[in-house]
Amino acid sequence: MNAAAAGTWRLGDVTVNRMGFGAMRITANPDRSVAIAVLRRAVELGVNHIDTAAFYASPGGTLRVGEGEKRYANELIREALAPYPDGLTITTKVGPGEDAERGFYHASTAAELREQVETNLRQLGVDTLDVANLRIMKKPGEDSIAERLGWLVDLRDEGLIRQLGISNVRLDHVEEALAIAPIVCLQNSYAVDQRRDEDELIRFCAGRDIAYVPFFAIAGSSREAGAATDHSAAIEKIATTHNVTPQQVRLAWTLHQSPNVLAIPGTGNPAHLEENIAAGALQLSREELATLD
C-alpha cells in the first residue's frame, strides 16, 4: 500500500503522487501524539503532497476565536515532519484569516496577504512556501482576483512563495489568473454527488497542465462536518462488490475523473489514513463509473 499506486502528476515544476493528504481535520484528534503519528505515517506511505492553511486549527479544522488553546495544523506538520524530507511539497492557502481583533476576515490589502503568508512561513518553519493558493469568496460581478493575485506575485518575486494556485473559483477566474502569472493548481469543492458542473473546468485545467485538487471528495455535502454517511445505493453496491468502504469508492471515483486530479483526503484517524491511501489502487470498471455518473 503506497500513495504512488494512484499515479503521479506535475504540480508546476515538481511531480507528486496523486494521492495526497489534507491537513484540515488533523487538528480534530484531541491526542496530539496520534495526530503527529498520522502525519508521519502518511509520508511513510508515500504521500508527498500535503495541503494545509494557517487558519486550520482545532477543533475540527477551522479556527474559532475564544475557544481556548488551539492546535494549528501547520505547527503539527512542522513538529511531525521537519526537517522536511526531500520531495515533499506543502501547499497552503491565503485569503481567509481569523484573529482575536478582526474575527474571521478575507484579506483585502497587500499588507493582510503578506501577514498571512508570513504566518504560514513561521508556523511551517520554512523560508519559502512551495505553493500558495489564493482562496476567494465568490461574489459575481465583484470578485476579480487580479489585484490580490498581483500582490501574491510580488511576494513570489521576493522569494516568499515559489508557485501559485487559486481556490474556490470559476473558469473566468482561471483565465484572469493565467493572464497574470502561471498557475500550478486549482482547488475547488467537488465530489461524485456535488458540483458536477466542475467537469468542464477539470478538462480545461488538464489541457493547460494545471492540477485540479478537489476538497470534500469524501465529505460531499457534509463539508467541514467530515466524511459523508448518506451514500447512494450505487456507491454502497460498488463498495460491497470490491469489499471496500463507500469512502474509498468516493476517492477512487475522484481519481478516475482525469489524470490531473489530485486527491487530498484528510483525517486524524490512523485506520482511515490507510484506507484512504489504499483507495488509490482501487480500479473501477467503465460500467461502475457510468453507474456512479
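The values are calculated or read from the model by the stated rules, or taken from the named source; none is laboratory data. The shown structure was predicted, so the numbers you read here are calculated from the model rather than taken from an experiment. Positions of Cβ are generated from backbone atoms using ideal geometry, with glycine treated the same way; all protein chains shown enter the neighbour counts.
What residue, among those in the range 38-60 that are in contact with an Asp or Glu (Cβ under 9 Å, 6 or more places away or on another chain) and under 14 Å from His272 (Cβ atoms), is surrounded by the most Cβ atoms within 10 Å (Cβ to Cβ)?
The extreme case among them is Leu39.
Select from the range 133-162 the residues that are under 20 Å from Ile202 (Cα atoms) and in contact with a Lys or Arg (Cβ under 8 Å, 6 or more places away or on another chain) and list them in ascending order.
Within the range 133-162, Asn133, Leu134, Arg135, Ile136, Lys138 meet the criteria.
All but one of (1) surrounded by 19 or more Cβ atoms within 10 Å (Cβ to Cβ); (2) out of contact with any His (no Cβ under 9 Å at 6 or more places or on another chain); (3) hydrophobic (A, V, I, L, M, F, W, C) hold for Ala146; which doesn't?
(1)
Would you mind stating whether Ala146 is over 28 Å from Leu251 (Cα atoms), hydrophobic (A, V, I, L, M, F, W, C), modelled with pLDDT under 95 and more than 15 Å from the chain's Cα centre (by Cα)?
Yes: the conditions hold for Ala146.
Could you pull out every one of the strands (runs of 3 or more DSSP E) wholly within the range 159-250 that has 2 or more residues that are of a type in the set (Val, Ile, Thr) and modelled with pLDDT of 95 or more?
Numbers: elements: 161-167, 185-189, 211-215.
Where strands (runs of 3 or more DSSP E) fall fully within the range 159-250 and carry at least 2 residues being of a type in the set (Val, Ile, Thr) and modelled with pLDDT of 95 or more, they are 161-167.
Kindly indicate whether Val126 is closer than 30 Å to Ala82 by Cα, out of contact with any strand residue (DSSP E or B) (no Cβ under 6 Å at 6 or more places or on another chain), outside any helix (DSSP H, G or I) and without any contact (Cβ under 8 Å) to a residue 60 or more places away in the chain.
The answer is yes for Val126.
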